[in-house]
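What follows is one structure encoded as structure tokens, with my remarks underneath.
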Amino acid sequence: MPNQDSLPVDSAHQAWLDRVALAEQAVPIIGRLYRERDVVTHVHGKKLVNQSPIDILKAHKWARRIGEGVLDVEDTMMVLRIADEVDLRGVSLDLGLLLADAPAEGFEARVRQQLAELPSWSQDEPTDVVLYGFGRIGRLLARILIGHAGSGLGLRLRAIVVRKNGEDDLEKRASLLRRDSVHGAFLGTIDIDREQNTILANGTLIQVIYSDDPTVVDYTEYGIQRAIVVDNTGRWRDEAGLAQHLARPGVERVVLTAPGKSPLKNIVFGVNHETIGADDAIVTAASCTTNAITPVLQVINDAYGIEHGHVETVHSYTNDQNLIDNFHKGSRRGRSAALNMVLTETGAAKAVAKALPELEGKLTGNAIRVPTPNVSMAILNLNLEQPVDREAVNELLRQTSLTGALRAQIDFTDSAEVVSTDFVGNNRAGIVDGLATIATGKHLVLYVWYDNEYGYSSQVIRVIEHMADQLAKARQLQPV
């Protein structure tokens, strides 16, 4: 495509309209691949499913801005048409990677070959998911699960379990799902059935179960079988407490959305999720901060070696703080979250070693809660085993965010204009701010943004999907 900046005004406008028309043609193919075959298309992590034509063009523009060459929408359309022809199922289709590797000659043949080599995986039945707790993380998990429903053979949100708070509880739960002051409106329609205690969101029927005791819920009464229960309450962080879910009819796996106590595995997807074995019925998804920093630390440790370091997190306030000064069981957190920076403790630095054992005993950490509702930052102050160059380390992290094994976890920005709200809704675990990188000899300082709500929830979903795949494969291996 010609550089639109060099075209006359009329020609530039027509070139833009031509690109919009191509993106409009892409929308139904992207949607069909997703709804019928669970094929998720994206450009270097920028998801195209359920996006407008303009959003699709922005995804292509983003790839061009970072210097990887212009992703031509015409080439994208060709790939989508080929993908529509072949029997792709249950795959993540990264158009950025595919097009970057395609040769100038024999382009179409190479694309067909690459698509044929993608490992397709299709479940024979959906995996039921129950959200135990429906707070900030629970509602975001619900939004993502509803948006990922696809053909209906992947993760299927079946129920939420909450304490009943008044006769209008159902209406209020639905309203909190429908509208969010940080993440905006729910993309779709939501209806409730008071008689059945259900919420219908974009065709996903969610049973609302009222209980404050996990030991009394029989999920099979609601048609729920072999479910993954996601505990968002944080009431239990040990194996004995979480096993209360596992003992109930209809439950097969449990995921905790908080750091767990030993011997539970703290999973940072992308780093150690492959350690989840068939016998691991209960795992934890660690914390938002641990998920944000561990992938970056792994890349740096693999490339340069980390001798020791300190992690300082500048974290948005959370529901466990007070709006105004009041009693709080924790030190300092009783002071007004809206008016103060609050120095507090964090176990995220030590928790890194649970996912990345080679960093055991090498990191310290503290946290400062600040008066913003979402998006946090981790400052990694590291002493390395080898000298490091600023440009080299930025290029390493930038390439990792595009083509590396951790590209779903690490994002990269080098914009001089970005601030915290620009990362609301980012689905990566952490975003390296390249302009803030400091490198002197063996000393490295990295600044990592992260949406401590949405980015973390996206990591949790990846853990659940991985466990669901294991369950589905186990079902297929069982004798008839």
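The values are calculated or read from the model by the stated rules, or taken from the named source; none is laboratory data. Please read these numbers as outputs of a predicted model, since none were measured by experiment. Neighbour counts are summed over all protein chains in view; Cβ atoms, including those assigned to glycine, are modelled from backbone coordinates with ideal geometry.
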- request: Please verify whether segment 369-388 includes one or more residues that are within 22 Å of the chain's Cα centre (by Cα), surrounded by 20 or more Cβ atoms within 10 Å (Cβ to Cβ) and assigned to a helix (DSSP H, G or I).
  value: no
- prompt: Hey, does segment 112-127 have a residue that's under 30 Å from Ile206 (Cβ atoms), at pLDDT 85 or above and part of a loop (DSSP other than H, G, I, E, B)?
  reply: yes
statement: Every listed condition ((1) closer than 13 Å to Asn291 by Cα; (2) touching a Lys or Arg at 6+ places or on another chain (Cβ under 8 Å); (3) assigned to a helix (DSSP H, G or I)) holds for Thr400 save (1)
Looking only at segment 28-55, and only at residues there that are out of contact with any helix residue (DSSP H, G or I) (no Cβ under 9 Å at 6 or more places or on another chain) and free of Cβ contacts under 8 Å to residues at least 24 places away in the same chain, the one that is farthest from Glu465 (Cα to Cα): Pro28
- prompt: Out of all the residues in segment 432-439, is one or more buried (at least 22 other Cβ atoms within 10 Å of the Cβ), outside the structural domain of Arg143 (by TED's automatic domain parsing), among the hydrophobic types (A, V, I, L, M, F, W, C) and in a helix (DSSP H, G or I)?
  reply: no
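Would you confirm whether or not segment 176-199 contains a residue that is basic (Lys, Arg) and more than 23 Å from the chain's Cα centre (by Cα)?
Step one: filter segment 176-199 for residues basic (Lys, Arg), giving 178-179, 194.
Within this subset, residues satisfying the condition of being more than 23 Å from the chain's Cα centre (by Cα) are 194.
Yes, because at least one residue in segment 176-199 is basic (Lys, Arg) and more than 23 Å from the chain's Cα centre (by Cα).
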- request: Could you identify the single residue in Gly334, Gly330, Gly270 that is not β-branched (Val, Ile, Thr) and not assigned by TED's automatic domain parsing to the domain that holds Thr421?
  value: Gly270
message: Checking Gln25 against (1) closer than 27 Å to His466 by Cα; (2) at pLDDT 85 or above: exactly one of these is not met. Which one?
response: (1)
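Are any residues in segment 151-173 among the small types (Gly, Ala, Ser), surrounded by fewer than 20 Cβ atoms within 10 Å (Cβ to Cβ) and either touching a helix residue (DSSP H, G or I) at 6+ places or on another chain (Cβ under 7 Å) or under 27 Å from Asp212 (Cβ atoms) (or both), and if so, which ones? Give the derivation first.
Step one: list which residues in segment 151-173 are among the small types (Gly, Ala, Ser), which gives 151-152, 154, 159, 166.
So of that shortlist, the ones also surrounded by fewer than 20 Cβ atoms within 10 Å (Cβ to Cβ) come out as 151-152, 166.
Hits for segment 151-173 are Ser151, Gly166.
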- request: For residues that are at pLDDT 75 or above, under 17 Å from His42 (Cβ atoms) and surrounded by fewer than 16 Cβ atoms within 10 Å (Cβ to Cβ), tally how many sit in segment 83-107.
  value: 1
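Go through segment 243-267 and give me each residue that's farther than 10 Å from Thr284 by Cα and of a type in the set (A, V, I, L, M, F, W, C). Spell out how you get there, then give the answer.
Looking only at segment 243-267, we keep the residues that are farther than 10 Å from Thr284 by Cα, and these are 243-253, 262-263.
Once the filter is applied, which keeps residues that are farther than 10 Å from Thr284 by Cα and of a type in the set (A, V, I, L, M, F, W, C), segment 243-267 yields Ala243, Leu246, Ala247, Val251.
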query: Of all the residues that make up segment 393-411, how many are in contact with a strand residue (DSSP E or B) (Cβ under 8 Å, 6 or more places away or on another chain) and without any contact (Cβ under 8 Å) to a residue 24 or more places away in the chain?
result: 0
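Is it true that some residue in segment 368-379 is farther than 25 Å from Gly135 by Cβ, of a type outside the set (D, E, K, R) and in the same structural domain as Glu395 (by TED's automatic domain parsing)?
Here is the first cut: in segment 368-379, the ones farther than 25 Å from Gly135 by Cβ are 379.
Add one more test, that the residue is of a type outside the set (D, E, K, R), and what stays is 379.
When the remaining residues are screened for being in the same structural domain as Glu395 (by TED's automatic domain parsing), the result is 379.
Taking every residue of segment 368-379 in turn, at least one turns out to be farther than 25 Å from Gly135 by Cβ, of a type outside the set (D, E, K, R) and in the same structural domain as Glu395 (by TED's automatic domain parsing).
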- prompt: In segment 269-294, which residues are aliphatic (A, V, I, L, M), closer than 14 Å to Arg462 by Cβ and in a loop (DSSP other than H, G, I, E, B)?
  reply: Val271, Ile276, Ala285, Ala286
- prompt: Among (1) touching a helix residue (DSSP H, G or I) at 6+ places or on another chain (Cβ under 8 Å); (2) at pLDDT 95 or above; (3) surrounded by 15 or more Cβ atoms within 10 Å (Cβ to Cβ), where does His466 come up short?
  reply: (2)
Hits in segment 236-251 - residues which are closer than 28 Å to Thr289 by Cα and surrounded by 14 or more Cβ atoms within 10 Å (Cβ to Cβ): Trp236, Arg237, Asp238, Glu239, Gly241, Leu242, Ala243, Gln244, His245, Leu246
query: So which residues in segment 186-214 are out of contact with any strand residue (DSSP E or B) (no Cβ under 8 Å at 6 or more places or on another chain) and small (Gly, Ala, Ser), if there are any at all?
result: Gly203
query: Got at least one residue in segment 319-328 being outside any helix (DSSP H, G or I), in contact with a Lys or Arg (Cβ under 8 Å, 6 or more places away or on another chain) and touching a residue at least 60 places away in the same chain (Cβ under 8 Å)?
result: yes
task: Could you tell me whether Arg248 is charged (D, E, K, R), in contact with a strand residue (DSSP E or B) (Cβ under 6 Å, 6 or more places away or on another chain) and not assigned by TED's automatic domain parsing to the domain that holds Leu446?
output: no
statement: Within segment 141-158, the residues that are in contact with a Phe, Trp or Tyr (Cβ under 6 Å, 6 or more places away or on another chain) and at pLDDT 95 or above are none
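So if I check each of Val254, Val230, Val208, Val296, which one is surrounded by 20 or more Cβ atoms within 10 Å (Cβ to Cβ), free of Cβ contacts under 8 Å to residues at least 60 places away in the same chain and within 30 Å of Leu363 (Cα to Cα)? Steps first, answer last, please.
Working: Val230 fails: free of Cβ contacts under 8 Å to residues at least 60 places away in the same chain; Val208 fails: within 30 Å of Leu363 (Cα to Cα); Val296 fails: free of Cβ contacts under 8 Å to residues at least 60 places away in the same chain.
On inspection, the qualifying residue turns out to be Val254.
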message: With the condition being over 26 Å from Gly425 (Cα atoms), I'd like the strands (runs of 3 or more DSSP E) fully within segment 146-246 carrying at least 1 qualifying residues.
response: 190-193, 198-201, 204-210, 227-231
